[in-house]
Amino acid sequence: MTKVTNRNAVQLAIFIAFGGFLFGYDIGVISGCLIMPDFIRRFGEINADGEYFLSSSRQSIITSLLSAGTFVGALAQAFTSDRWGRRGSILFWSAIFTVGVVIQTATGHSMAQITVGRFVTGLGVGALSAIVPLYNGETAPKALRGTLLVLYQLQIIIGLFLSYVLDLATHTIPNSASWRVPVGLQLAWGLIMLSGVFFLPESPRHLLYTGRREEAAKVVATLNGVPADDPLVDELVGELEFSIAAENVDGKATWAECFSSSLWRRTVNGMMLQFIQQLNGQNFYYYYGDTFFESAGTHVVYAFESLSPYVIQVILGAVSVVGTVPALRLIETWGRRKSLLTGALLEAACAVIAGLVGHFTLAPAGTPTEQLTRRNKAGGDTLIAFAVLHVFSFAVFWGPTPWVYLGESFPLRIRPKGIALGSATNWLWNFLLSFFAPRIAARIGPLILLVFFGMLLFGYVYVYLFIPETRGLTLEEVDELYRSGVKPWNSTGWKPHLSEEAHLKVHQGRPSQAEKVSTEKSGVEEAEEAVTKV
C-alpha cells in the first residue's frame, strides 16, 4: 500500500479558503473609504457651512447593503451547490462577486450605483462564505478538518488587514484613486478564484451522493496522494458509501427537515453561534473603527506618536492576523467547546472595561486634539488597548470556531441547506449591526460595548448548555454524536460506533470477483441494505 499524504488536501484547502479573503477584504475596505475626503465629496451631502459630510444614514446604507446581499447569497448557494456541485457553485458565485466589484468601481457620483454594486458583491461574498466551509469540510481529513477550516477565518483576517493597509496607503491621494484603487483591487481577487476553480476537484461526498463512484474514487486517491488502484481508495470509498447511506436513509431533504425532530438542534446551534459571533463586538470595530475612534477623540499621544484612525485599524488588523495563527492549533488541541467558552469570558471582560472607561473618560465627539486633557488621552489609550485585546481574543476563539462547527455539523443530504441557514444568520445580524450600530453609537457612544458584553455572557451560557464537542470526529461521526443524545457537557469523552461498523462492513463483506460480476447492486445500495438491517 502506498504511503498516504495529506499534502494535496492541505493545498486544496489553502486555495479554496481564499474565498474568505474576498469576504474579509470587502468588509474592511469600506471602513476607511467612509472617511476619505474624495469619497465623502462624491457620495455625501452638503451641510449648512457648505462642507461635505457623510451622514450616519448614508454610512449605514453603503455598509449594510453588502450584508443584505450576503444574506441572499448564503441562502441561494444551497440550490447551486446541490444542482451544480460544489465546484460549479464556486465558479458561478465568484463571477457574481467580480461583476459587483465592476459596478462599484465604475461609479462616479451615483449613490444608487455604489449601493447596488455592494449588494451584488454581497451575493458572491455570502454564497462563498457558505460554500468554502462546506467544501473544505467535505474534502479535509478528520484529524486536520478543524485546522483547515480555521484557514478560512485566517484568510478573512488577512483580507481585512490588507484592506486596512491599502486604505492607509491611498487615503491621502487627492482624487478618486484614494478609494477606487483599494475597491478595484477586488477584481484581481475575483479573477484568482475564477482561474483557480477550474483545477479544483468536486467534493467526493457530493459525487458519491449523486452516484458517480468512479469520479469519487479518483478524487479520494488525489486527496490522499495515492494511485487510483490503491486498496486504500476502495476502502475509504466503501466506508464513505456506508456512512452516507446511513445519513441519508430518510431520502432527499427539504428546508423544513432542517428543523425536524432529529435535526433542529444542530440547525439552531449553527445559527445561534453565528448570531452570537456577530454580536461579539469585533465587527463594530471592523466596520466603524475609523469613524468611532475619530469621533471619540482618539487622535491620542500613544507611545510618543500621534495615531490616526487608519493606523489604529491597521494595528487591529495585524492583531487579528496574529491571533488567528494559534487558533490553527488550539482548535484541535483545546477543541471547540473550550475555545468558545474561554473566548466568551475574555471578550466580555474587554468589552465591559472599554465601554465603561470610554464612557467616563473620553472627551465629547469633535473635541480638537489640542483641547484633550490627560484624562481624555488616558481614556483613549485604554479604550484602544482593550479594543486590541478584544479583537485578539475574537481572532483566537470566536472568529474561527463557529465556522468550523458550522462546516461539520450536518448530514450530507441537508449540509448545503444547514450551512446556508447558519451563514444567512451571520449575514442577517451583520446587516442589522452595520445598519443600526452607527446610529446607536452616535447616541450612547462607548456604552454600545456593554450590549456586546451582555451578548458574550449569554454566549458562554449557551455554549455550555447546548454545544457538543466535535473534535476528532468524521462528518458522519458528528451525525452519530447528535443522534446518540449525549449531553453537551459530557460529549468530550464520547466515542463513535458507526465508523467501526463501516470498517467491518468493508473488510468482512467484500465480495469475490465472481460475486462482483453477478451482483447488480451498487455499493451505495448494499450500504443502505446493511443500515436497514442494523
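The values are calculated or read from the model by the stated rules, or taken from the named source; none is laboratory data. Predicted, not measured: the structure shown is a model, and the values here were computed from it. Cβ placement follows ideal geometry from the backbone for every residue including glycine, while neighbour counts extend to all protein chains displayed. Side chains included, ligands, DNA and RNA excluded: accessible areas come from the protein's heavy atoms. Shrake-Rupley method; radii C 1.70, N 1.55, O 1.52, S 1.80 Å.
You can think of it this way: the chain between LEU187 and VAL311 has 42.1 nm of extra reach, that is 0.36 nm per residue less the Cα-Cα gap.
Computed over protein heavy atoms with a 1.4 Å probe, the carbon and sulfur contribution to the accessible area of the chain reaches 64%. MET271 contributes an accessible area of around 50 Å² to the protein surface, as traced by a 1.4 Å probe with all chains present. Between TRP264 and TYR464, the simple label model (points 7 Å from Cα in the Cβ direction) yields a spacing of 2.5 nm.
Site pair GLN371 and THR333 shows an inter-label distance of 5.1 nm when each label is modelled 7 Å from Cα along Cα→Cβ. Based on protein heavy atoms only, segment 88-232 ends up with 34 Å² per residue of surface accessible to a 1.4 Å probe. A value for Rg and Dmax of the Cα atoms in Å was derived from the coordinates, and within the list (i) 22.5, 68; (ii) 28.8, 96; (iii) 24.6, 91 it appears as (iii). A helix-only calculation puts the chain at -24500 deg cm²/dmol for mean residue ellipticity at 222 nm, using -39500 (n - 2.57) for each DSSP H run of at least four residues, averaged over all residues. Measuring r between the beta carbons of SER55 and SER195 and using R0 = 35 Å, the FRET efficiency lands at 0.30. What is the magnitude of the charge dipole of segment 89-216 about its Cα centre, with +1 placed on the Cβ of each Lys and Arg, -1 on the Cβ of each Asp and Glu, and no other charges, expressed in debye to the nearest 20? Charge dipole, segment 89-216, about its Cα centre: 140 debye, nearest 20.
If R0 is 45 Å, the Cβ-Cβ spacing of VAL102 and ASN47 corresponds to a FRET efficiency of close to 0.90.
What the Cβ-Cβ distance of ARG7 and VAL321 gives, at R0 = 22 Å and to the nearest 0.05, is a FRET efficiency of 0.35. Computed extension gain for ILE14 through ALA112, at 0.36 nm per residue and net of the alpha carbon distance, reaches 31.7 nm.
Protein-only accessible surface at a 1.4 angstrom probe places the residues HIS390, HIS359 in the order HIS359, HIS390, largest first. Measuring only protein heavy atoms, the 1.4 Å probe finds ARG212 accessible over about 90 Å². Ranking ARG443, ARG375, ARG118 from most to least accessible surface, computed with a 1.4 Å probe over the protein chains only, gives ARG443, ARG375, ARG118.
Gap in Å between the Cα centre of segment 102-132 and the Cα centre of segment 376-405? Taking the Cα centre of segment 102-132 as reference, the centre of segment 376-405 is 28 Å away.
Given points 7 Å out from each Cα along the Cα-Cβ axis, report the ILE173 to GLU215 separation in nanometres with one decimal. So the two model labels end up 4.3 nm from each other.
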